[in-house]
1. Restricting to segment 322-364, count the residues that are within 60 Å of the chain's Cα centre (by Cα) and at positive phi.
2. Within segment 159-192, restricting attention to residues that are surrounded by fewer than 17 Cβ atoms within 10 Å (Cβ to Cβ) and among the small types (Gly, Ala, Ser), which residue is farthest from Thr141 (Cα to Cα)?
3. Identify, from the list Asn359, Asn346, the residue that is open to solvent by less than 60 Å² (accessible area, probe 1.4 Å) and part of a helix (DSSP H, G or I).
4. Just the residues that are closer than 18 Å to Asp315 by Cβ and touching a Lys or Arg at 6+ places or on another chain (Cβ under 8 Å), please, taken from segment 341-365.
5. In contact with an Asp or Glu (Cβ under 9 Å, 6 or more places away or on another chain) and either more than 14 Å from Lys410 (Cβ to Cβ) or assigned to a helix (DSSP H, G or I) (or both), is that true of Ala369?
6. Given the criteria within 14 Å of Pro309 (Cα to Cα), open to solvent by less than 60 Å² (accessible area, probe 1.4 Å), in contact with a helix residue (DSSP H, G or I) (Cβ under 7 Å, 6 or more places away or on another chain) and in contact (Cβ under 8 Å) with a residue 24 or more places away in the chain, does Val404 qualify?
Amino acid sequence: MKGIKTILGALAAASLLFSVNATAQENNNRDENGKIVRGAYETNKAFDNTFIGIAGGVNSVVPSVRAPKNWGNIGLAVDVNFGKWWTPAIGMRLGYHGLWDNAKIAFQNPALAANTRFGFHYAHADFLWNISNSIAGYKETRFWNFVPYATMGVLDVCSGVNPFKKGAKNNLEYAAGAGLLNVLRLGKRVNLTIDLMALVGRGAAYTNGAGKFLILPSATAGLQFNLGKTNFDRHSTITPVVIPVPFTTEQYNALKDKVAALEKENAALKNKVAALEKEVAPLRNLVNGQTYLYENGTFTAVDVKAGAPVSIYFDLGSAKISAREKAHLEYFTNNIATADTKVEVNGYADKATGSAKTNQALSEKRAKAVVDLLKKAGMPESNIECKANGGVDIFNTPAYKNRVVTIEVK
């Protein structure tokens, strides 16, 4: 028993080692950037990527702690199966495994003699996972593919090797397990297989005094023959070229005339753009906000000063600037005055009303109100000259025009 465990363990370790090495050596399943390509793949037909396998080997029994220790003799095993790969990574197979096994203990059925070999027949379905193609990408010519699988089916423990022999005692039980299928490529149609499997069955079906479950390991080696198409094709990323129906002569001539008209229109637009470019060229270096004099195709920067004083009018006896007059003042600061503009502010009162002393004070207040707004608008105080002229009669009639503050650009 210890010998079969050692053999199975060594085969499993060797298959894993060789599969990992073979996977690491793959380099034809990558794109131009070295990235592994995993599909997508075109759907294969019913008999594409199918295979049949035959193999021979050994099977045995691993007893539970409750079973006698003299279990474990080796029996002969054969494998016959048929399978299909649906994708490079996922497949399924149906098959038969077994022949006989040996035991040194009586069976549950009293009619079975102790210390004799018994028939061991397992009809099963296996679900295959090609881990090499999943991790390293599909490659038809890979030498070693590492394929774990899950298995389930019906296990017959029979009093003889032939379960159909007259008088044979059959005990049918469901069984399940897992396996490791190693596929070594010998050619396009032929592979070498090493199959390691362990089934779990109900212990009471086989021997007296057994535990709840028994493990039934096996190891087989054989050949696998590939049928139908043996590879998978990736979906093409190239869009097929659509060839239009040929034009008639009339359609061709009409399109030709239309193209000629569009080319003529395009040439006229190009000439118009060139003319506009030439016209705009002198304007490219003009400074926004600067005033220019244009003569004979040449722009000359000039300083423009206000032609007449700006007048801010007040109500009788008031130094408060109305909303309308504030608008006049804002227009001056936004459109005429600059940071370098120097101004003279003159405040006035109506001579016809009030005393000279009152009018002098009122003209000072009115001038100061205007200066405060100019400073608030950003004009430096050093650029403002302020004068209060008291009551005057500068505009003659009407008298309200004398209630004013004038702003004159120097």
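1. Looking only at that region, the number is 0.
2. Ranking the candidates gives Gly167 first.
3. The unique qualifying residue is Asn359.
4. Correct list: Gly347, Tyr348, Ala349, Asp350, Asn359.
5. no
6. When the stated conditions are applied, Val404 does not pass them.
The values are calculated or read from the model by the stated rules, or taken from the named source; none is laboratory data. Source: prediction; values computed, not measured. Counting neighbours? That spans all protein chains shown, and the Cβs are built from the backbone with ideal geometry, glycine included. Calculation scope for accessible area: heavy atoms of the full protein, side chains included, ligands and nucleic acids excluded. Shrake-Rupley method; radii C 1.70, N 1.55, O 1.52, S 1.80 Å.
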